[in-house]
Amino acid sequence: MGELINKQRVAESFSKAAPTYDSEAALQRDIGHQLLLKLSDDLKVIKPSSILDLGCGTGYFTSQLHSIYPESHLVGLDIASGMLAHARSHRHLGCEVSWVCGDAESLPLKSQSSSVVFSSLAIQWCENSQALFSEISRVLQPGGVACLATLGPKTLFELREAWSTVDDYRHVNQFQSMINLIDALPSDLDIVKSESEMRILHYSHLKELTRELKGIGAHNMNVGQAKGLTGPARVKAFRKAYELFRDPQGCLPASYEVFYLILRKR
Ligand SMILES: C[S@@+](CC[C@H](N)C(=O)[O-])C[C@H]1O[C@@H](n2cnc3c(N)ncnc32)[C@H](O)[C@@H]1O
C-alpha cells in the first residue's frame, strides 16, 4: 500500500482535539469499555505484569486499566504529543504509568516488554498493518494477549457516498477490511477471537456529526483530500446528497463498522 495516511496530520489533528475529545467521544468510550470487558471477563486476564495502551489518547482507558490492574506497570503511548500532554495533566496515575510518544508501526519499546497490548480505536490510523502487527508481536511476551478495537471500511459510508456525488476527492478515511488485517498477522500471533458489529449513530442535523468528528480529531487524514475551502455550492450539494439517508424517524444516520480482534502470542 502506498502512503495514504498522513501521520503528521494525524498527530496534529488529535493533538488539537485533546481538550474536546473526552466530551465528544461517546461511541469511542462505549467501544473501549466493551474491549475492557473482553480483556477482564472473557479472557480472564488477572494480573498482567505490564500493559501497553496503544494510541491511548487522553489516557481515559489507561486510567481504567490502572483501576482494574493497580499492580501492573502501564505504558500509555500515542503519536499525538498534545494528547499525551493532556493525559499527563489530567490523569494522576503515579509512577506505575509511563507516557510515551511514538508510532504504533515502529514502537519505541523493548521486545517482550508487555504482557497485554490494549488498543481502542487507534490502529485504524495505521496503514501498514504488517509493520503494526509485527511490532505488537515484538513487544508482547510469549503467551501475552493483544485486545484491539478498530474500524472497518463501511465506517461513515453515508459521508463517503454523499461526497462521491460531489467530487472525486477522498473526503472520508478509508479503513482496512478484516480480511486484510488478518492477512497481515505474523505467524506467531494466533487469533483468539475476531468479531464485528455495526454501530449507527443518529443526528438531527448534519452539522452535529461534522462538529463531533472535528471534536474528536477524526477528520480526513488521507493524502489527496480536497485542498482549500470547500465551496458553498459543493457543500450544499453534499448536504443534499446526505439528506437522502434521512430515516423515517427523521434522523440522519452515521454508521461505524467496529472490529474486535483478540490475539495471543505463541
Ligand atoms: C480515536 S482516538 C482513541 C484514543 C483512546 N484509545 C480512547 O479510546 O479514548 C485515536 C488515538 O490514536 C492515536 N494514533 C493514531 N495513529 C497512531 C499511531 N500510528 N501510533 C500511535 N498512536 C496513534 C491518535 O493520536 C489518537 O490519540
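We did not get these values from a lab; they are worked out from the coordinates using the rules stated. Bear in mind the structure is a predicted one, so any value in this text is a computation, not a measurement. Don't worry about glycine lacking a Cβ; one is built from the backbone with ideal geometry, like all the others, and counts go over all protein chains shown.
Things to note:
- A Gaussian network model of the chain, with springs between Cα atoms under 10 Å, assigns the largest mean-square fluctuation among 78, 168, 103 to 168.
- Excluding exposed DSSP-loop GluC sites (Glu not before Pro) (at most 16 other C-beta within 10 Å), longest clean stretch of the chain: 72-266
- Angle between the chain longest axis and helix 26-37 axis [Cα atoms, degrees, rounded to 10]: 30 degrees
- C-alpha long axis of helix 7-24 to longest principal axis of the chain, angle in °: 90 degrees
- Cα gyration tensor category, rounded, prolate or oblate, for the chain with a/c compared to 1.5: prolate
- Cα gyration tensor category, rounded, prolate or oblate, for segment 103-209 with a/c compared to 1.5: prolate
- Segment 26-115: trypsin sites (Lys or Arg not before Pro) in DSSP coil with no more than 10 other Cβ atoms inside 10 Å: 44, 110
- Three-way shape call for segment 145-192 based on the alpha-carbon gyration tensor, with the a/c threshold at 1.5: prolate
- Amide N proximity, segment 240-266 versus residue 192 label position 7 Å along Cα-to-Cβ, cut-off under 12 Å: 261-266
- Note on residue 183 and residue 251: the model spin-label points, each 7 Å out from Cα along the C-beta direction, lie 3.6 nm apart.
- Rounded to 10°, Cα long-axis angle of helix 81-90 versus longest principal axis of the chain: 60 degrees
- Between residue 165 and residue 101, the simple spin-label model (points 7 angstrom out along Cα→Cβ) gives 4.3 nm.
- Here the spin labels are modelled as points 7 Å beyond Cα on the Cα-Cβ line, and at residue 205 and residue 130 they lie 4.8 nm apart.
- Once the C-beta distance of residue 112 and residue 92 is scaled by a Förster radius of 41 Å, the resulting FRET efficiency is 0.90 to the nearest 0.05.
- Subset of 214/240; 7/154; 154/214; 44/214 violating a 30 Å alpha-carbon distance limit: 44/214
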